[in-house]
Amino acid sequence: MVCQEAMKKAATSKDNIKGDDEHNRLLSYLQKQIPWTIWEIKQIRQNVFKVETDHEPFILKGFRSFHKFKLQETFTSSLIKEGFVRTYSFLPLAKDPPLFFEGIYFGCLFYISPSEEPFTYQKEIDRKEGLDLIEKFHHISKKLKDRYVTLLPPYHQREKWRIRTVQFKKNKSIVKYFLPKEMMAEYLAWAEWSLTGMRENEDSLETNQVVLHGDVAHHNMIRDDRNQLFLIDFDLISIGQKESDYLQYANRILPTLDWELNELEKFPQLKELTTSKQYLYALSFPTDVFREWNRCIRERNYIFPEKMRPLLSLTIEQFQKRKLFVEELKKRIDG
């Protein structure tokens, strides 16, 4: 036992040394490329860093390809030129652009100094303001659609969810140890009912096509120290109907609304989701449950109790309210 603990400590120490070494190499590389003196580099998440300098802080963000780097640099510039200024811009800091370090292309982003009160879907005022910001984004991104249609993939909502369902089914051998069999079966039944209904009521019109953000999670909206809300992170942009962003937003905020359909209808941007059969079927799809379980198993997080607690809360504790919500959707469709 003592030997095993010693081996664990040794492995941890090596990892730390390796991490420090990578950090130092990145610092050394940036010092040669950036015209400012760098004081500190703090990692926010994988390939994203906050860099403190003697001039001003900035965000260093990594991209897996030069195409993705240039696409986001160009797209955010297009947004700002068209009047959507509530986002970040790329700073031309590198002496020899693009920055390229250990197989990753890096961009320097304008740092948005955050408010002491972070944006959250738990607050009604934030939920409304977030929707208003996405609506403004769509208003501008619709103008940009034709310019980027050959550069961005089309967004296929139903196909994405079908693949997510297939993956969840593959993960049943692990999920069954955490969820009752009947509950797991009901989630899958909702998914199949939703996908079938979406296919049978699919609207082929393209009048609402825009450049979609694709990831309207709360952490992709930042309130700055002047109380202005910004939309960030365009890693998943695509071409599709604006309702796809709204469906994702609805799914994100429904737990804070106790899965009440009438509460969802109070948002003007989401009203169409509750009057169209296609979107009523889509609202019943358990996309958050499948997404989080698939990620949990992919990253092997199920061995960590602290990481499982919020997932079990999402899946089990909210199940009865979600069931009533699906029943209300079925009544609305049948009526």
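The values are calculated or read from the model by the stated rules, or taken from the named source; none is laboratory data. All figures in this text were calculated on a predicted structure; none of them were measured in a lab. Every residue, glycine as well, gets a Cβ built from its backbone with ideal geometry; the counts of neighbours run over all protein chains shown. Ligands, DNA and RNA are stripped out before the accessible areas are found, and what is left, the full protein with its side chains, is counted by its heavy atoms. Shrake-Rupley method; radii C 1.70, N 1.55, O 1.52, S 1.80 Å.
Residues in segment 141-171 that are of a type in the set (Val, Ile, Thr), assigned to a helix (DSSP H, G or I) and surrounded by fewer than 16 Cβ atoms within 10 Å (Cβ to Cβ): Ile163, Val166.
Only residues that are over 15 Å from Lys172 (Cβ atoms), open to solvent by 10 Å² or more (accessible area, probe 1.4 Å) and of a type outside the set (Asp, Glu) were counted across segment 285-307, and they come to 9.
Taking the criterion of being of a type in the set (Lys, Arg) and assigned to a helix (DSSP H, G or I), the residues of segment 296-335 that qualify are Arg298, Lys307, Arg309, Lys321, Arg322, Lys323, Lys330, Lys331, Arg332.
Taking the conditions exactly as written (closer than 17 Å to Ala217 by Cβ and in contact with an Asp or Glu (Cβ under 6 Å, 6 or more places away or on another chain)), does Phe119 satisfy them or not?
Spelling it out, Phe119 is indeed closer than 17 Å to Ala217 by Cβ and in contact with an Asp or Glu (Cβ under 6 Å, 6 or more places away or on another chain).
Kindly indicate the residue of segment 258-305 that is touching a residue at least 60 places away in the same chain (Cβ under 8 Å) and among the polar types (S, T, N, Q) and also nearest to Ala217 (Cα to Cα) among those meeting that condition. Checking each candidate, the answer is Thr287.
Give the number of residues within segment 78-91 that are in contact (Cβ under 8 Å) with a residue 12 or more places away in the chain, part of a loop (DSSP other than H, G, I, E, B) and either of a type in the set (A, V, I, L, M, F, W, C) or at negative phi (or both). Summing the residues that are in contact (Cβ under 8 Å) with a residue 12 or more places away in the chain, part of a loop (DSSP other than H, G, I, E, B) and either of a type in the set (A, V, I, L, M, F, W, C) or at negative phi (or both) in segment 78-91 gives 7.
Would you confirm, using the coordinates I've provided, whether Thr37 is within 30 Å of the chain's Cα centre (by Cα), of a type outside the set (A, V, I, L, M, F, W, C) and open to solvent by less than 90 Å² (accessible area, probe 1.4 Å)? Give the steps one after another, and end with the answer.
On the way: within 30 Å of the chain's Cα centre (by Cα): no; of a type outside the set (A, V, I, L, M, F, W, C): yes; open to solvent by less than 90 Å² (accessible area, probe 1.4 Å): yes.
No: the conditions fail for Thr37.
Among residues of segment 93-135 being small (Gly, Ala, Ser) and touching a residue at least 24 places away in the same chain (Cβ under 8 Å), the one that is most open to solvent (accessible area, probe 1.4 Å) is Ser113. May I ask you to list the residues in segment 53-96 that are of a type in the set (D, E, K, R) and within 22 Å of Lys142 (Cα to Cα)? Residues satisfying the conditions are Lys68, Lys70, Glu73, Lys81, Glu82, Arg86. Of the residues making up segment 65-81, those that are in contact with a Phe, Trp or Tyr (Cβ under 8 Å, 6 or more places away or on another chain), open to solvent by 20 Å² or more (accessible area, probe 1.4 Å) and not acidic (Asp, Glu) are Ser65, Phe66, Lys68, Ser77.
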